[in-house]
Structures are given as C-alpha cells and as structure tokens.
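**Q** Below is one structure. I have some questions about it.
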Amino acid sequence: MVDSVKKVPALKTIAELADIAVNGYYSFNKIDAGPYIYVLGYNMVEGFRFRAGGKTNANFSRKYVMKGYVAYGEQDNRFKYSGQFEYIMSRKPWTKLVAYRKVDLNPMGIVDKPDASGDNLFNAVSTITGIRRFGWTEDNRVWLERSLNKNFCQKIILQNTSFAPEGDFNFSYYRTPETPGTSSIHTNYTLNYVTLETRFAYGETFLQN
C-alpha cells in the first residue's frame with residue numbers, strides 16, 4: 001500500500017517539496033543539488049551573490065561523498081568556491097577521513113563549520129546582510145573522525161587558513177608588537193594549527209535521511 005501511495009502524482013510532488021524544504025536539496029538520481037536557500041544572496045561587498053552547489057548521495061557511493069559549490073559576486077566580479085571529499089572508512093565504529101578547501105568571502109562573526117549540518121537557514125540569512133566587514137579567506141583542512149563508542153567521538157584536524165580584510169574593515173597589526181616603532185604593519189595573516197576535539201553525547205543516535 002505504501003508503494004502504491006508513493007506513486008500518486010500529487011502526493012509524490014508534496015513529498016518532494018517537503019524534502020527540499022527540510023533538507024535544502026533536490027535529488028537528481030546520484031547527485032543532490034543545493035542547498036537551494038543559498039542560490040541568491042546580497043551583501044555590501046559582492047552586491048548580488050549567485051551560488052550553485054551540490055553533493056553526491058548514497059546512490060553514487062556509500063563510501064565516498066563529494067560536495068561543493070561555486071559562487072560569483074556581480075559587484076566584486078570574483079568567483080568563490082568550496083570542495084569537500086569524504087572517505088567513510090568504517091561504519092562500525094563510524095570512521096571517516098575528510099579533505100576540504102574553501103576560497104570565499106565571509107562576513108565577520110560567522111563561524112565556518114564545514115562538517116556541520118542543520119544550520120543552512122542561519123548561514124543563508126548571513127548572506128543577505130548589511131554587514132560591511134568581510135574577510136577573504138582561503139581555508140584548507142584535513143581531519144580524521146572516529147567514534148570510540150556510542151557516547152564519545154574523537155577528531156583530529158590539520159588546518160591552514162589565510163585571511164585578508166574586505167569591505168569597510170580597517171584591519172592591521174604590528175608584525176613585531178614589542179617594537180612598534182620599527183615594526184612593519186600587516187593587513188593579512190596565515191595560520192597553521194592542529195585541533196584535537198573530543199565530543200561527548202550520552203546515548204546519541206544518528207538518523208540519516
């Protein structure tokens with residue numbers, strides 16, 4: 001009966017629209033296009049911002065996941081992009097290796113969490129903003145994640161990030177602050193660091209789709 005109901009055109013359309021509203025993606029067999037809520041944005045530096053993105057799904061592979069996007073600002077005439085590749089090494093225990101690269105303009109104060117989900121609406125609202133302080137960021141990350149048991153998850157992240165101010169953002173610092181009189185002044189920086197993360201969530205269960 002369930003299979004028969006799924007074939008009713010009106011209900012099938014409603015189900016597809018509901019899925020797009022909840023997940024933000026439209027599925028084309030092995031590829032999911034989206035999130036649709038990012039397609040159009042506006043800010044003081046880029047003007048109107050157009051973005052197209054997508055990701056693979058389980059029909060493509062249950063071991064490999066690829067996702068990314070390309071964006072363009074009509075006012076600054078620059079392309080931005082992001083790409084992420086995941087290799088699911090094991091499901092019991094959950095273990096995956098991820099490589100990530102992003103070159104984009106970010107409003108200050110918005111924390112970039114490439115492996116997070118469920119915050120599409122909040123992040124999309126941040127692309128339609130009157131904020132004038134932005135940062136041009138190049139972010140490269142590799143991380144290994146493993147669930148020790150149902151309660152604990154361990155992650156190690158290697159990250160390289162560079163930053164330069166954009167928009168109405170007068171940012172600068174002394175290269176050698178202990179001798180400001182002779183120090184050169186810089187307006188951008190590059191960071192290299194390692195993050196060790198432990199997450200505790202008692203009795204947590206993951207549901208996918």
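**Q** Filter the range 105-114 for residues that are closer than 28 Å to Gln154 by Cα and open to solvent by 70 Å² or more (accessible area, probe 1.4 Å) and give the result.
**A** Gly109, Val111, Lys113
**Q** One residue is enough: does the range 53-61 have a residue meeting the conditions open to solvent by 70 Å² or more (accessible area, probe 1.4 Å) and within 27 Å of Ser90 (Cα to Cα)?
**A** Yes, the conditions are met somewhere in the range 53-61.
**Q** Among all residue pairs at least 6 apart or on different chains, which show Cβ distances below 6 Å where the first residue, located in the range 11-29, is touching a residue at least 40 places away in the same chain (Cβ under 8 Å) and more than 12 Å from Asn57 (Cβ to Cβ) and the second is in a loop (DSSP other than H, G, I, E, B) and open to solvent by less than 70 Å² (accessible area, probe 1.4 Å)?
**A** Hits for this filter: Gly24/Gly34; Gly24/Pro35.
**Q** How do the pairs read when you match residues in the range 150-168 that are closer than 26 Å to Ala99 by Cβ with residues anywhere that are buried (at least 16 other Cβ atoms within 10 Å of the Cβ) and acidic (Asp, Glu), using Cβ under 7 Å and keeping only pairs 6 or more apart or on different chains?
**A** Close Cβ pairs satisfying both conditions: Cys153/Glu145; Lys155/Glu145; Thr161/Asp139.
**Q** Condition first: under 20 Å from the mean Cα position of the chain (by Cα), open to solvent by less than 70 Å² (accessible area, probe 1.4 Å) and of a type outside the set (D, E, K, R). Can you find one or more residues in the range 176-197 that meet it?
**A** Yes, the range 176-197 has at least one match.
**Q** Out of the residues in the range 21-52 meeting the condition of being among the small types (Gly, Ala, Ser) and open to solvent by less than 30 Å² (accessible area, probe 1.4 Å), tell me which one is nearest to Ala99 (Cα to Cα).
**A** Only one residue fits best here, namely Gly34.
**Q** Still on this structure: Looking only at residues that are of a type outside the set (Phe, Trp, Tyr) and surrounded by fewer than 10 Cβ atoms within 10 Å (Cβ to Cβ) in the range 198-209, which one is nearest to Ile20 (Cα to Cα)?
**A** Asn209
**Q** Would a scan of the range 196-209 turn up a residue that is at pLDDT below 95 and under 20 Å from Gly53 (Cβ atoms)?
**A** yes
**Q** Also, quick follow-up: Could you list, in sequence order, the residues of the range 172-192 that are touching a residue at least 24 places away in the same chain (Cβ under 8 Å) and aromatic (Phe, Trp, Tyr)?
**A** Selection gives Tyr189 alone.
**Q** What tally of residues in the range 75-104 results from selecting those that are more than 30 Å from Gln154 (Cβ to Cβ) and open to solvent by less than 80 Å² (accessible area, probe 1.4 Å)?
**A** Residues that pass the stated criteria total 3.
**Q** Here is a follow-up. Regarding the range 10-20, can at least one residue be identified that is touching a helix residue (DSSP H, G or I) at 6+ places or on another chain (Cβ under 7 Å), surrounded by fewer than 16 Cβ atoms within 10 Å (Cβ to Cβ) and β-branched (Val, Ile, Thr)?
**A** no
**Q** Would you be able to say whether some residue in the range 37-48 is at negative phi, without any contact (Cβ under 8 Å) to a residue 24 or more places away in the chain and under 19 Å from the mean Cα position of the chain (by Cα)?
**A** Checking the range 37-48: at least one residue is at negative phi, without any contact (Cβ under 8 Å) to a residue 24 or more places away in the chain and under 19 Å from the mean Cα position of the chain (by Cα).
The values are calculated or read from the model by the stated rules, or taken from the named source; none is laboratory data. The model shown is predicted, which means the values in this text are computed figures rather than measured ones. Glycine gets a Cβ as well: all are built from the backbone with ideal geometry, and neighbour counts include every protein chain shown. Please note that ligands, DNA and RNA were not included when accessible areas were found on the heavy atoms of the full protein model with its side chains. Shrake-Rupley method; radii C 1.70, N 1.55, O 1.52, S 1.80 Å.
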